[in-house]
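A.B. asks: Here it is, the structure, as structure tokens.
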Amino acid sequence: MRHIKYIYSVLMLCCTITFAQQTPADKQTEAITITGATIHVGDGSVIQSGTVVFEDGKIQAVGNSSTATKGKVIDASGKHIYPGFIGANTSLGLVEVDAVNASNDQAEMGSMIPHVRSLIAYNAESKVVESMRPNGILTAQVSPNGGRFSGTSSIMQLDAWNWEDAAIKKDDGVHLNWPSSFSRGRWWLGEPRGLKPNNNYAKQVGAIENFVNESKAYLAGKRDTKNLPYDAMEGLFNGNQKIYIHVNDEKGITDAVNFSKSNGMNMVVVGGYQAHAVTELLKSNNIPVLIDHTHSLPAIADHDYDLPYKNPKLLADAGILVGIHTGNNSNFQTRNLPFYAGQVVGQGMSKEDALKLITSNLAKILGIDDQLGSIEVGKNATLFISEGDALDMRGNQLIKAFIDGRDISLETHQTELWKRYSNKYKSN
Amino acid sequence: MTKKYLILLMLMCSISLFAQEHFPKNDGVKSENTNYTAFTNAKIYVTPTEVIDKGTLLIHDGKVVASGASINIPENAVVVDLSGKSIYPSFIDLYSSFGVEKPKRQGFGRGQYDPTREGFYWNDHIRPEQNAVDHFKFDAKSASALRKAGYGVVNTHLQDGIMRGTGALIALTGEGGDAERILDDQSASYLSLSKSLKSSQSYPSSIMGTFALIRQVNHDADWYAKGGITVKDRSLEAFNTNKDQIQIIMAGSKANALRVDKVGDEFGTQYIIVGGGDEYERIEEIKATNATYILPLNFPKAYDVEDPFAASVLELSAMREWNQKPSNPKTLAENGVKFTFTSDGLKSPSMLKANVMMAIKYGLDKTTALEALTTVPAEIIGQSGKVGSLKNGAYANFLITSGDIFTKSTTLYENWVKGDKNVINDMNIKAISGDYSFAADGKNYDITISGTSSKPKASIISDGKKLGSKITYKENWVNLTFTGADEKQQEFMRFTARVDDSSNLNGKLIDTNGNTTNVSLKRRPLEAEPKSGGKNTKNGTGKSDVKMIPVTYPNGAYGASELPKQETVLFKNATVWTNESDGVLANTDVLIKNGKISKIGSNLSASGAKVVDATGKHLTTGIIDEHSHIAAASINEGGQNSSAEVTIEDVIDPDDVDIYRNLAGGVTSIQILHGSANPIGGRSAIIKLKWGESAENLINKNAPKFIKFALGENVKQSRSQNGTRFPRTRMGVEQLFVDNFTRAQAYEAKKNSGQPYRYDVEMETLVEILNGERFISCHSYVQSEINMMMKVAERFNFKMNTFTHILEGYKVADIMKEHGVGASTFSDWWAYKFEVNDAIPYNASIMHNMGITTAINSDDGEMSRRLNQEAGKIVKYGGVSEEDAWKMVTLNPAKLLHIDDRVGSIKVGKDADMVLWSDHPLSVYAIAEKTMIEGATYFDIEKDKQMRTQIQQERNELMTMMLQDKNKGMKTQPVKADDKQQLHCDSMD
């Protein structure tokens, strides 16, 4: 309802006809074979003049030109095939217009709210969501971001009628905003501006530990009286869910690792600006990192101007499983995900390794690598064909994209406006 | 005037202590003291440079009568023998709030646009009518603290407002009442860059607005003096009355010092500038101000870097500040900049001496230090004959010390103010420290007295056991209390003695039973020098143990110790993106000479040229960002709906590290635009990113004048629930423009008619627009408002130059083309607010295809360093050719800024603003390896690598030094990190 009203007001304001969102593609009915393309598998390997066959939404065969074709054949000679890119820790479908509060469903009130779920607020018909597809982002984790325990995220495919058919993995993990080691000076109370050590850090960490201990005690008991927040913690203790800890500084990461370890939780670092300083700890505990997208500024003047550019490489070189997340950027920016990965190539990472940052590595980190993240037999046929190198704005030009073998639309509200006005001037 | 005032004041305070001859006397006989006081055998600093080694100072009636080696001492003189002691003129502080209470903040009013006062200037923060003397109430406690620090006179004022009114010169005497204390009640005018706490009036909301306001007050005061304003304005009246006073302005930093000096110069006012202690960082520019400085001495404490995690956020610039700031006075002195010191900013005036000594330790000459506290401030306020020296006729304001005043062990004995003695430490007190012993009740006691005479410490041992004890020593009486052998008994022995000439302490002992006996504490011969003796021998000139990190430009990470120079450079075998009809040239050489592009061709050679092998690389002209907000101390003046009077040129911040980061992204020129807080914003600064240069030298002097306008959500304050500022709708926005331009036309007509007129900076700016002398870059989003703006311009016969953002430009591209306006847009931004719902990444290509000069800008300090990639996106979205896309971040913004005669393409004769890329410049993989402006290399990837290593080494070195400080027991402060806010259109500073 909210959404319809919203669209209506856009119509009123702009006095133009706004086209409806793209219709989700039908189920794959016949086998499809793509031939002649350079296949970027997503696991680091490349197949030249490769062939991909998929049927019933699953990849049936991947190989060189001698691979047998089946069904409809698409000749993609000179083109490139990639596994669908995966957005991690996004606000897709939760935020439509950043500055319009009414269109923002990402941050619930309260502090310890692991029970709130992004899944059911996901707007499958978001115009922001449809704008992801032409750039190759076909899957995304949708995460809440309020409070201390922000709530539970889910992983969605980006061509759906509603949140139910969008969901790939429901309630995959709980998000925790780790307390910052620094706090801002309250200048209006006469304190100096700038960051200073957070004196409440220990207290805030203590509150997290207390909540976890209370949850454990509750879960061990009879649970006669329902407690929604404690119930929502169960998946973290039994290994069904991951804990995504949003933390950037070295000390915070170290404390968070110890916290999750002592509570037997399956942890992912989200943020990780200084993770490169604690790679030994992360490696020995098998903790992956969802690093901030690369188009960010260094935290302080002294840092290398290109530290955010090379941060993923520093972690990968140290043997950490690393992917790129886009949570700290505006909703629409997730469509620049391929370029966030491409940026690392300039820092000396190979293109195929950079691709992993937004495909197979992410699939592993999010726990969906049985279905997604690479072009391999048995996995979902979620992939696309690009005119050129999809990690570079010079080559990222999608010709076709498939989600579970469904031939999805690459048109958007934006392409329609483009065509409409281009035609207007042409006819003049 | 002054006298009348004093009399009034005296009548009000009917204190009989006053000895004025014209006062009636009802409590005794009228008696007059005509005696002299003579201080003999002292080392007398008549001035810091005129020193009498063993002389006499003769004072009478609160003034110096004579000083010299052989003075005739009148018979009716009290003679004080000061053998071995020194006399100094007492200190003066010109930036004080002594006895004048600062008002309390009146809450955080938001959105208040009108003044709260009547009969004064329209802006509440302009308060030149304030007189410190009206608010002055003698504060005996603070006076005592100031005297203890060595002060005799302070110039106090009401520290509130941008124009703060007049100060008063106050003698810090406790005697004689305000009649004696107030030396001058109109001693100076004070200004600052901070608003009054008494009012929430929103203008000015930025320092940019503050400078504009100071200018307009100057114009208005002139207009008032000429009779142009027919109503009473007590502020302007006071401003005019006090115009000839010295003007002291609180700048608080080197950057603001340069800014206020520039404003002062425009009106023939040479401000006395209260600095920030960081002037050494831009000493050449500071010197060029020709201003006298009032310097704070609040040298930072070392940061506590024991926790390496916390320390990791500490910036080099902050650490250097700790290391270098004490050298500020020395650097200024060496460069001939005149200065005085203030205790303002110190926790207590008692820290003055330690901090002056710190400056001395860092190389400041002691004589200069003394001058800075005495003769210089006296000269600044034009009272050299009366204060700051001990010349005949001056007030008898002086200090008696045990020796050199800037030595740690020196004791300040007395501080005389106007001939009144104030004892700080009793100079006649006899030193009692030493070892003593005595016997009583058959027991032997050994006593050691240590510490200073004013704060002695005692330890008593009897039968090998240490007893609890307490000692006081006042006015020649020693009182010593100690426990008996059995401490549990809570019984005490007491000893009291009057110190006399004897080396022993002879007095009475009252034992635990209350029996009194006469006892002599016999002094034992000294066994060894006290431990502390070795420490004080350095005598304050231990320069050797000061390790100073050299200053760079700017003075922080990636600063240069020497600014890059123009070089002759030959790029060989590059792929050259000319942006001219030649297009992209493969395997081409480009010669750079004298800051210009000298030759383009193949197989070029040039003697003496530095050859750069550019094989496989791409050479382009520098990127130009039409819409930037980096390198500025403030961006928005939102205190009014029109702020055409403000200019970003006033607030350029050359120290912003984003300049360097932009260079690393191939950017060489930017337009720093005012934000979008209001429909008529402020004037732009078009600069070149010459990292290391001063603010003034960054400005592109060849660029024309620009101003920012804005439309839509931001200017109508749509995100504030209860906005009270017009306009609140797009309908109102149009009317605001029409109103302002109509008034500007009327203003110009009056100006041209030869009639007298009020000079209005805001209207002057709008008239420039009407006359095509200033161009508009207009923040705009939706088609209706874009169209409206062009129609308003057409109605007033001028042309819109640029629409910036212009995200719905594609909907009115035909109308824009017809109007002849250019566009500067984002590549792919949208969905961040309601009005960008229909923003599409194909916008640039549609406008470009229409023939509109189209540029891609950043409005963001991060994205600006990747504008090459943003141009690449225009190929992706809409299929613009690569050459044309590249022009969108180079030649096209140059055209929009009307600087394309010098920059924007690779053409012989144009400025050598060049970038060497590792790869195709539109590719995400490309890295800028060299960025050159006018033939000087401001970014070099190899040099960047070296600097990274240097930064690590220097961080380590400084942290080690700080740890050493902490281990020595020095106080530290918690680490802080710069919480740099990236400024955007919406930033409200």
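The values are calculated or read from the model by the stated rules, or taken from the named source; none is laboratory data. The structure displayed is predicted, hence computed values, not measured ones. Positions of Cβ are backbone-derived with ideal geometry, glycine not excepted, and every protein chain shown enters the neighbour counts.
A.B. asks: Tell me, yes or no, whether the stretch B:598-619 has at least one residue that is outside the structural domain of residue B:714 (by TED's automatic domain parsing), touching a helix residue (DSSP H, G or I) at 6+ places or on another chain (Cβ under 6 Å) and polar (S, T, N, Q).
C.D. replies: No: zero hits.
A.B. asks: Now for a different question. Among the numbered conditions (1) within 12 Å of another protein chain (Cβ to nearest Cβ); (2) surrounded by fewer than 18 Cβ atoms within 10 Å (Cβ to Cβ); (3) closer than 24 Å to residue B:622 by Cβ; (4) modelled with pLDDT of 95 or more, tell me where residue B:946 comes up short.
C.D. replies: (1)
A.B. asks: Looking only at the stretch A:382-424, count every residue that is touching a strand residue (DSSP E or B) at 6+ places or on another chain (Cβ under 7 Å), more than 11 Å from chain B (Cβ to nearest Cβ) and in a loop (DSSP other than H, G, I, E, B) and tell me the total.
C.D. replies: Count: 5.
A.B. asks: Next up: Show me the strands (runs of 3 or more DSSP E) entirely contained within the stretch B:409-462 in which 2 or more residues are hydroxyl-bearing (Ser, Thr, Tyr) and over 30 Å from residue B:390 (Cβ atoms).
C.D. replies: Because the criterion is at least 2 residues that are hydroxyl-bearing (Ser, Thr, Tyr) and over 30 Å from residue B:390 (Cβ atoms), the strands (runs of 3 or more DSSP E) in the stretch B:409-462 that meet it are B:434-440, B:443-451, B:456-462.
A.B. asks: Being among the β-branched types (Val, Ile, Thr) and within 18 Å of residue A:334 (Cβ to Cβ) is the filter here; which residues of the stretch A:269-288 pass it?
C.D. replies: A:270
A.B. asks: How about the stretch B:344-360: which of its residues are of a type in the set (S, T, N, Q) and touching a Phe, Trp or Tyr at 6+ places or on another chain (Cβ under 8 Å)?
C.D. replies: Listed by number, the list holds a single entry, B:355.
A.B. asks: Scan the stretch B:380-403 and report the pairs whose first residue is free of Cβ contacts under 8 Å to residues at least 24 places away in the same chain and whose second residue is in a helix (DSSP H, G or I), with Cβ atoms within less than 8 Å and a gap of 6+ or a chain change.
C.D. replies: The qualifying pairs are B:384/B:375; B:384/B:378.
A.B. asks: Scan the strands (runs of 3 or more DSSP E) fully inside the stretch B:887-957 and keep the ones with 1 or more residues being more than 30 Å from residue A:344 (Cβ to Cβ).
C.D. replies: Result: B:936-940.
A.B. asks: Give the residues of the stretch B:780-803 that are among the small types (Gly, Ala, Ser) and not in a helix (DSSP H, G or I), sorted by residue number.
C.D. replies: Selection gives B:780 alone.
A.B. asks: Something else now. Could you please let me know if residue B:68 is loosely packed, with under 15 Cβ neighbours inside 10 Å and either farther than 21 Å from residue B:235 by Cα or in the same structural domain as residue B:247 (by TED's automatic domain parsing) (or both)?
C.D. replies: yes
A.B. asks: Checking residue B:931 against (1) more than 14 Å from every other protein chain (Cβ to nearest Cβ); (2) closer than 14 Å to residue B:619 by Cα; (3) β-branched (Val, Ile, Thr), which test does it fail?
C.D. replies: Evaluating residue B:931 over (1) more than 14 Å from every other protein chain (Cβ to nearest Cβ); (2) closer than 14 Å to residue B:619 by Cα; (3) β-branched (Val, Ile, Thr) leaves (1) as the failure.
A.B. asks: Can we say residue A:100 is buried (at least 23 other Cβ atoms within 10 Å of the Cβ) and either closer than 23 Å to residue A:362 by Cα or modelled with pLDDT under 95 (or both)?
C.D. replies: The answer is no for residue A:100.
A.B. asks: Continuing with this model, one more query. Please name all residue pairs, on different chains or six or more residues apart, with Cβ atoms under 8 Å, provided the first residue is in the stretch A:289-305 and is more than 7 Å from every other protein chain (Cβ to nearest Cβ) and the second residue is charged (D, E, K, R).
C.D. replies: A:298/A:304; A:298/B:661
A.B. asks: Same structure, new question: May I ask you to list the residues in the stretch B:830-877 that are assigned to a loop (DSSP other than H, G, I, E, B), more than 7 Å from chain A (Cβ to nearest Cβ) and closer than 18 Å to residue B:625 by Cβ?
C.D. replies: B:853, B:857, B:858, B:859, B:860
Yes/no matrix, rows are residues, columns are (1) at pLDDT below 95; (2) out of contact with any strand residue (DSSP E or B) (no Cβ under 6 Å at 6 or more places or on another chain); (3) surrounded by fewer than 18 Cβ atoms within 10 Å (Cβ to Cβ); (4) at negative phi:
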residue	(1), (2), (3), (4)
B:940	no, no, no, yes
B:972	yes, no, yes, yes
B:977	yes, no, no, yes
B:981	yes, yes, yes, yes
B:988	yes, yes, yes, yes
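A.B. asks: Residue by residue through the stretch A:192-213, note down the ones that are among the charged types (D, E, K, R) and closer than 18 Å to residue A:262 by Cα.
C.D. replies: Of everything in the stretch A:192-213, just one residue is among the charged types (D, E, K, R) and closer than 18 Å to residue A:262 by Cα, namely A:209.
A.B. asks: For residues in the stretch B:881-907 being more than 12 Å from every other protein chain (Cβ to nearest Cβ) and touching a helix residue (DSSP H, G or I) at 6+ places or on another chain (Cβ under 7 Å), which is surrounded by the most Cβ atoms within 10 Å (Cβ to Cβ)?
C.D. replies: Here the answer is B:889.
A.B. asks: Which one of A:196, A:242, A:222, A:251 is surrounded by fewer than 17 Cβ atoms within 10 Å (Cβ to Cβ) and assigned by TED's automatic domain parsing to the domain that holds residue A:288?
C.D. replies: A:222
A.B. asks: I would also like to ask the following. Across the stretch B:816-829, which residue is nearest to residue B:793 (Cα to Cα) among those that are part of a helix (DSSP H, G or I) and more than 11 Å from every other protein chain (Cβ to nearest Cβ)?
C.D. replies: Step by step, filter the stretch B:816-829, then rank; the result is B:819.
A.B. asks: For the stretch A:96-113, give me the residue count where each residue is of a type in the set (A, V, I, L, M), in a loop (DSSP other than H, G, I, E, B) and more than 9 Å from chain B (Cβ to nearest Cβ).
C.D. replies: 3
A.B. asks: Here's another thing I want to ask about it. Touching a helix residue (DSSP H, G or I) at 6+ places or on another chain (Cβ under 6 Å) and modelled with pLDDT of 95 or more: does that describe residue B:540?
C.D. replies: no
A.B. asks: Can residue B:837 be described as buried (at least 24 other Cβ atoms within 10 Å of the Cβ) and without any contact (Cβ under 8 Å) to a residue 12 or more places away in the chain?
C.D. replies: Yes: the conditions hold for residue B:837.
A.B. asks: Another question about this same structure. Determine whether the stretch B:321-336 contains at least one residue that is within 14 Å of another protein chain (Cβ to nearest Cβ) and either β-branched (Val, Ile, Thr) or buried (at least 22 other Cβ atoms within 10 Å of the Cβ) (or both).
C.D. replies: For the stretch B:321-336, residues within 14 Å of another protein chain (Cβ to nearest Cβ) and either β-branched (Val, Ile, Thr) or buried (at least 22 other Cβ atoms within 10 Å of the Cβ) (or both): absent.
A.B. asks: Right, next: Taking the stated definitions as given, is residue B:454 among the polar types (S, T, N, Q), under 30 Å from residue B:39 (Cα atoms), at pLDDT 80 or above and surrounded by fewer than 16 Cβ atoms within 10 Å (Cβ to Cβ)?
C.D. replies: When the stated conditions are applied, residue B:454 does not pass them.
A.B. asks: Which pairs have Cβ atoms under 6 Å, sit 6 or more apart or on different chains, and link a residue in the stretch A:321-341 that is under 17 Å from residue A:104 (Cα atoms) and facing chain B (nearest Cβ under 9 Å) to one that is crowded, with 24+ Cβ neighbours inside 10 Å and of a type outside the set (A, V, I, L, M, F, W, C)?
C.D. replies: Matching pairs, first to second residue: A:331/A:91.
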